[in-house]
Amino acid sequence: MVRRSASILSRLLANPSSPFTAPSRSITYMPRPGDGAPRIVTLIPGDGIGPLVTGAVEQVMEAMHAPVHFERYEVRGNMRKVPEEVIESVKRNKVCLKGGLATPVGGGVSSLNMQLRKELDIFASLVNCINVPGLVTRHENVDIVVIRENTEGEYSGLEHEVVPGVVESLKVITKFCSERIARYAFEYAYLNNRKKVTAVHKANIMKLADGLFLESCREVAKNYSGITYNEIIVDNCCMQLVAKPEQFDVMVTPNLYGNLIANTAAGIAGGTGVMPGGNVGAEHAIFEQGASAGNVGNDKIVEQKKANPVALLLSSAMMLRHLRFPTFADRLETAVKQVIQEGKCRTKDLGGDCTTQEVVDAVIAALE
Amino acid sequence: MTMAANLARRLIGNRSTQILGADSSSGAATSVARAFCSSSTPITATLFPGDGIGPEIAESVKKVFTTAGVPIEWEEHYVGTEIDPRTQSFLTWDSLESVRRNKVGLKGPMATPIGKGHRSLNLTLRKELNLYANVRPCYSLPGYKTRYDDVDLITIRENTEGEYSGLEHQVVRGVVESLKIITRQASLRVAEYAFLYAKTHGRERVSAIHKANIMQKTDGLFLKCCREVAEKYPEITYEEVVIDNCCMMLVKNPALFDVLVMPNLYGDIISDLCAGLVGGLGLTPSCNIGEDGVALAEAVHGSAPDIAGKNLANPTALLLSGVMMLRHLKLNEQAEQIHSAIINTIAEGKYRTADLGGSSTTTEFTKAICDHL
């Protein structure tokens, strides 16, 4: 390991104009006996482009000889519910990597993504929307982390038809969940040296529901005096994101607004094909493409095998860090960023024309 | 209803609305009445100047309209200082009656006073006049550069129900429920308007924005209604887009969208997002459509009390909303004239107000537009 760090350092020193910055995290850590034993991770390939991109991750992990072993389970979006064995597996392994699961529109099947999250109580969804060097977008200086409450809110799934032609849907906000997500957001900000947390809401209209969310955030904010806290209404927030995204740092939101904000922020920073993210609970973590738009892809992309594996590769780097293998995470991230920077091998959503396999080969070649 | 309208109806028979191709509400007959009036009989429209910068920009609109020779007579109404018991808000009953009578109105920014015991002004207008659709065209203004150059879309938002029904309650301490209501009637109404708008303005595609994969029954009902209406307009392409895809596509490539129709909450967020794409709320026109052909155009920005009275305000939003109002009244020639004048003035860049990066006053900007007419 020392040899590898030395080689990275010598390369950086020899080439001061190297475009990618040194890893900001310390590479040296004290491994304990047995740390190198392979960890088992549940793998759910999913639908659409899911198998393509998870296949990409498997290939790269193997090329790196990462101490990660995948236990694969097939779950399709049109299943009634997530199979028991999959839930058992995630409970056992504590970490899961998954591709997108399509939720059929108007189908009478409740979303499997939501089911997984509720069963395993994975309450926080994190997307890091950051400009990737080498990828030109309309907005610069974007570095936003969107932390979204994942279990309740508008996605409670409690709907009923009152009389024919009139349907009601319940949006449930509880103090318990709001406090939990606020605490998570502030702790994340504290541990990652972030300066500002913004709560996104619509409390001028939904006074009780979003009012409760805001109250919880304000209470938690009192315990973190070093972090600035402010609030913004969701429609104004979207407008500001499009006009001046650099004013946002960490954003904490309830379920639906988080979905919209995460996808908007991912879009301005380069697209959902490159943003890493993860879902985390008190005991389990599921890593998948950060923002949800396009995580299943359409038939054309599946046929031509031109899905963008970057988001899932960067999410698996987050997973490696979570599993306490920081050096492997750094190597993977550096390789992926180098491939994007060079610009020779990009999929369609980034303006290029490569297939998934070509990107994977380029990443493996860039590993060292 | 004027005599001219009654005569017209009897002459052409009950099929008059179909022949004239206007929308199915009785607003068509009123427009017929106007078309039959000679241009010397002015149309009365209600004007709410509003608060803050409202009066200044309303002046600006009046000046531009007079210079363009628009046959409109303004009936001005102000927000009262006391709560009117008939409306439960600061808007008087007379103001609302005036809008109901005239069928068109133009509204400046109104600041709802803080306090309890009264409804917000916008809510009062919406409920009393039954304004069910909010239409906001968003297009890139040539000459005013933002990061997006090719935006040309219209958002049509259902304005009465959905998540903004205001029905919330605390179940037990620490647990709150909020009801989102979708009805077939309201969804059909707004879908009909959206497709009609698309047809009359020559638009080719209508996209319904939803989250029906999660909210299956509510957004599912909305989509079902949109599909039903889509079948009646086979020449217009209809598609359905999930809202997270929509947000991402809007910020990556807004040229993909044409007309967007959506329920209340998504509409609120998406229309503000689109306003951000083209330069902010200071440049965005908006029009609320109600039953019986009522149209209330409004400026959606705030009342900006810090620059009130200083002749610094940007009247573009209210002017463009006035243009929308003229188009609703089928005074298309003058609408085009004023519209081109505004676009050319901003494109030239010599006269721009402070928020667009220039240093002109409101009066200078207005004069420049009048000169361009």
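The values are calculated or read from the model by the stated rules, or taken from the named source; none is laboratory data. Computed from a prediction, not measured in an experiment: that's the story for all the values here. We place every Cβ from the backbone using ideal geometry, glycine too, and count neighbours over all the protein chains shown. All accessible areas refer to the heavy atoms of the entire protein, side chains included, with ligands and DNA or RNA removed. Shrake-Rupley method; radii C 1.70, N 1.55, O 1.52, S 1.80 Å.
Only helical DSSP H runs with n ≥ 4 go in: add -39500 (n - 2.57) per run for the protein assembly as shown, normalise by residue count and round the 222 nm mean residue ellipticity to 500 deg cm²/dmol.
Working: 25 runs with 304 residues, N = 741.
So the helix-based figure for the protein assembly as shown works out to -13000 deg cm²/dmol.
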Cut-off 11 Å between beta-carbons: net charge of the residues surrounding B:Asn344, Lys and Arg +1, Asp and Glu -1: -1
Alpha carbon centroid spacing (whole Å) that separates segment A:80-119 from segment A:31-55: 16
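Give the relative contact order (percent, whole number) for chain A; include only Cα pairs under 8 Å separated by 6+ residues.
20
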Local electrostatic count at B:Cys287 - Lys and Arg +1, Asp and Glu -1, tallied over other residues with Cβ under 12 Å: +3
Pair A:Val105, A:Leu367: separation of 7 Å Cα→Cβ label points (nm): 3.9
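Distance check, please: which entries in A:Lys202/B:Lys217; B:Lys103/B:Lys217; A:Lys94/A:Lys344; A:Lys81/A:Lys202 exceed 26 angstrom between their Cα atoms?
Table pairs above 26 Å Cα-Cα are B:Lys103/B:Lys217; A:Lys94/A:Lys344; A:Lys81/A:Lys202.
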Euclidean distance of C-alpha centroids, segment B:164-212 and segment A:313-341, integer Å: 42
Prolate/oblate/rounded label for the protein assembly as shown (Cα gyration tensor, a/c 1.5): prolate
Average other protein chain Cβ within 10 Å of Cβ, residues A:209-218: 2
DSSP-defined beta bridges in the protein assembly as shown - what % are antiparallel, rounded to 5: 50
Average other protein chain Cβ within 10 Å of Cβ, residues A:173-186: 2
Cα point-scatterer Debye curve for segment B:163-277, base-10 log of I(q)/I(0) at q = 0.15, 0.19, 0.23 Å⁻¹: -0.69, -1.03, -1.37
Whole-angstrom gap from segment B:232-274 to segment B:298-363, using each part's C-alpha centre: 26
Gaussian network model of chain B, Cα within-10 Å springs - most flexible of B:Asn102, B:Asn159, B:Asn253: B:Asn253
Dipole magnitude (debye, nearest 20) for segment B:50-92, charges at Cβ of Lys, Arg, Asp, Glu: 140
Simple spin-label estimate for A:Glu215 and B:Leu373 in nanometres, 7 Å along Cα-Cβ: 5.4
Cα-Cα over 18 Å, subset of A:Lys306/A:Lys348; B:Lys63/B:Lys350; B:Lys107/B:Lys367; A:Lys348/B:Lys211; A:Lys195/A:Lys222; A:Lys196/A:Lys244: B:Lys63/B:Lys350; B:Lys107/B:Lys367; A:Lys348/B:Lys211
B:His169-B:Leu123 pseudo-label distance in nm [points 7 Å out on the Cα-to-Cβ vector]: 1.8
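Please get the size of the charge dipole for the protein assembly as shown, origin at its Cα centre, with Cβ charges of +1 on Lys and Arg and -1 on Asp and Glu, quoted in debye to the nearest 20.
Details: 78 positive and 82 negative charges, 139 e Å.
The calculation lands at about 660 debye.
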Signed unit charges on C-beta, dipole axis of the protein assembly as shown, positive-most listed residue B:Gln88, B:Thr46, A:Asn131: A:Asn131
Crossing angle, helix A:50-64 versus chain A [Cα axis fit, 0-90 degrees, rounded to tens]: 40
Residue among B:Gly220, B:Val171, B:Ile156 farthest towards the positive dipole end of segment B:113-222, charges placed on Cβ: B:Val171
Highest-fluctuation residue, A:Phe70, A:Phe287, A:Phe176 considered, GNM on chain A with Cα pairs under 10 Å: A:Phe176
Using distinct alpha-carbon pairs, which all enter the 1/r mean, Kirkwood radius of segment A:119-172 in Å: 14.7
A:Glu187/A:Val166 FRET efficiency (R0 35 Å; Cβ-Cβ; nearest 0.05): 0.25
Unit charges on C-beta of K, R, D, E only; dipole of chain B, Debye: 580
Positive-end residue, the protein assembly as shown charge dipole about Cα centroid, Cβ charges, pick of B:Leu123, B:Val79, A:Leu116: A:Leu116
C-alpha long axis of helix A:84-93 to longest principal axis of chain A, angle in °: 60
Extension reserve of the B:His201-B:Lys145 stretch, reckoned as 0.36 nm per residue once the Cα distance is removed: 17.6 nm
Using alpha-carbon coordinates, inclination of helix A:209-221 to the longest axis of chain A, degrees: 50
Segment A:186-280: C-alpha gyration tensor shape, a/c 1.5 cut-off, then a/b vs b/c: oblate
Among B:Gln334, B:Gln216, B:Gln170: highest mean-square fluctuation, GNM of chain B, C-alpha pairs under 10 Å: B:Gln170
Solvent accessible area, Å² - B:Ser98, 1.4 Å probe, full protein context: 0
Two-decimal ratio, chain B, of alpha-carbon radius of gyration to 2.2 N^0.38 Å: 0.99
Residue-normalised accessible area of the protein assembly as shown, given per residue in Å² at a 1.4 Å probe: 41
